[in-house]
1. Residues that are closer than 16 Å to Gly309 by Cα and in contact (Cβ under 8 Å) with a residue 12 or more places away in the chain: find the helices (runs of 4 or more DSSP H) completely inside segment 55-131 holding 3 or more of those.
2. Can you tell me which residue among Ala41, Ala36 is loosely packed, with under 15 Cβ neighbours inside 10 Å, modelled with pLDDT of 95 or more and part of a helix (DSSP H, G or I)?
3. State whether one or more residues within segment 240-252 are assigned to a loop (DSSP other than H, G, I, E, B), within 21 Å of Leu39 (Cβ to Cβ) and modelled with pLDDT under 90.
4. So which of Trp265, Trp287 is touching a Phe, Trp or Tyr at 6+ places or on another chain (Cβ under 8 Å) and either in contact (Cβ under 8 Å) with a residue 12 or more places away in the chain or within 24 Å of Lys24 (Cβ to Cβ) (or both)?
5. Does segment 216-230 contain at least one residue that is more than 16 Å from the chain's Cα centre (by Cα), surrounded by fewer than 19 Cβ atoms within 10 Å (Cβ to Cβ) and either touching a residue at least 60 places away in the same chain (Cβ under 8 Å) or in a helix (DSSP H, G or I) (or both)?
6. Can you tell me which residues in segment 126-148 are surrounded by 17 or more Cβ atoms within 10 Å (Cβ to Cβ), hydrophobic (A, V, I, L, M, F, W, C) and modelled with pLDDT of 80 or more?
7. Being buried (at least 24 other Cβ atoms within 10 Å of the Cβ) and not polar (S, T, N, Q) is true for just one of Gly238, Gly242, Gly261. Which residue is that?
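The values are calculated or read from the model by the stated rules, or taken from the named source; none is laboratory data. This structure is a prediction, so every number in the text was calculated from the model and none was measured. Cβ: placed from backbone, ideal geometry, glycine included. Neighbour counts: every protein chain shown.
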Amino acid sequence: MFFVWLSVKDIHQAQWLQIQDALKRARHWLILPALALILIAHYSRALRWKILMEPLGYNPSNFNVFASVMIGYLVNAGVPRLGEVVKCSLLAKYEKVRVDKLVGTIVMERAVDVICLLIVFAAALIFERDIIAAPIMAKFSSFFQDQTGNTSVRKLLLVFSIIIAFSLTIYFLLKRFAHINAVSKIKGILSGIANGLSSIRFIRHKGLFLFHTIFIWTLYLAGTVIGVYALQETSSMGVGGGLTTLALGSIGMIISPGGIGAYPWIVAKLVGWYGLDEVTIGNALGWLLWSVQTLVILLGGVVCFALLGHFNKAKPVTGQPAVETLSSTTTP
C-alpha cells in the first residue's frame, strides 16, 4: 500500500480530472488485443514450464500446467512468492509429481527470465539511450558514491562482504548441523532443487524452449506497446517507449504484490522522461497498463480455479507417483 500512496499522494483534484479525461479518450478497443496477447503469453509460459519437466519423467496435461500457472499468479498478486509454492503444490496434487523437483524448474525459469529482462534493459538502453540512459546511470552510480561524488570503495567492499558472509554462514550451518532432522530435510530439498536445475541440460526440445522464451517476451512487449498506443497522449512514445516501459515496469511487478502501486509509479516517472506530464498522463498510463495485466490474472486465475477440480474429476493420472521420500533424491 505504500507504493499506492506514493503514486497518488501529490495528485490534486484538477489533476484527477485530467487523468479521468485521458482514460475516457483512450482507444479502448485496443485493450482487448492487449488482454489476448498477455493471456497467450501466460499459456506459452505454461508450455515452457512443461518442457522443463520432461527430463524429470513428468508429462502433465497442458490444462493442469496452465491452470497452476494462472492460480499461482493470482496468489502472487496478494502474497509475493507464495504463488510459486501454490502452483507447484497444485500440480503435484493433480499430476502426482514431486514438489521439490518442480521448485528446481521454477528456479531455472526465473534464471532464464532474469537473463531476458537484462536483454530487454540492454535493448532499451541502446535504442532509447537519449531518454533513459542518463537518469538510470545517475541513480545507480549515486548509490556507490561518497559525499564527494567519487566511487566509494567502502560501499563496494561492504556489499561484497555481506554476500560472502551470508554464503559462508549458510554453508557452515548446513554442514555443521547436518545431523539435525530439520537441517537434513532442508539438504534433501536442496538436493531435489539441484535435480530440477540439472534438467536444463537434458531438455529434449531445446529449440522449442528457446522459441517459447522469445515468444513470451515478444508478447509482453507487444501488449505493452499496444497499451502505450491506447492512450492518445503517450502514442508518441512509440515502440521504443513500450520497450522502456516493459523494462522498467517489470521492476514494479517484482517489488510489490502484483505490482500494485509500484508499477504505475515507475511508469509515471518514465513518462516524465519523455517530456509528458508524469502526474496526469504518467499515472493514467501506469494504472491502465497495470489494470490490463491484473485483469488477465484475476479472470484467468478465478476461471482456472473453478475448472481445475472439474477437469480432473475423471481424468486418468498421467504424471509419475509422488510417493518417493525426500531422502531418495540424495541416494546415488
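1. Values: elements: 62-76, 82-95, 99-127.
Fully inside segment 55-131 and qualifying: 62-76, 82-95.
2. Details: Ala41 fails: loosely packed, with under 15 Cβ neighbours inside 10 Å.
None of the other options fit; the residue is Ala36.
3. Kept after step one, since they are assigned to a loop (DSSP other than H, G, I, E, B), are these residues of segment 240-252: none.
No, because not a single residue in segment 240-252 is assigned to a loop (DSSP other than H, G, I, E, B), within 21 Å of Leu39 (Cβ to Cβ) and modelled with pLDDT under 90.
4. Within the list Trp265, Trp287, the selection yields Trp265.
5. Just the residues of segment 216-230 that are more than 16 Å from the chain's Cα centre (by Cα), to begin with: 222, 225-230.
Imposing the further condition that a residue be surrounded by fewer than 19 Cβ atoms within 10 Å (Cβ to Cβ) reduces the set to none.
Looking for residues that are more than 16 Å from the chain's Cα centre (by Cα), surrounded by fewer than 19 Cβ atoms within 10 Å (Cβ to Cβ) and either touching a residue at least 60 places away in the same chain (Cβ under 8 Å) or in a helix (DSSP H, G or I) (or both), one finds none in segment 216-230, hence no.
6. At the first step, the residues of segment 126-148 found to be surrounded by 17 or more Cβ atoms within 10 Å (Cβ to Cβ) are 128, 131-132, 136.
Going one step further and asking which of them are hydrophobic (A, V, I, L, M, F, W, C), we end up with 131-132, 136.
Residue satisfying the conditions is Ile131 alone.
7. On the way: Gly238 fails: buried (at least 24 other Cβ atoms within 10 Å of the Cβ); Gly261 fails: buried (at least 24 other Cβ atoms within 10 Å of the Cβ).
Criteria check complete, one pass: Gly242.
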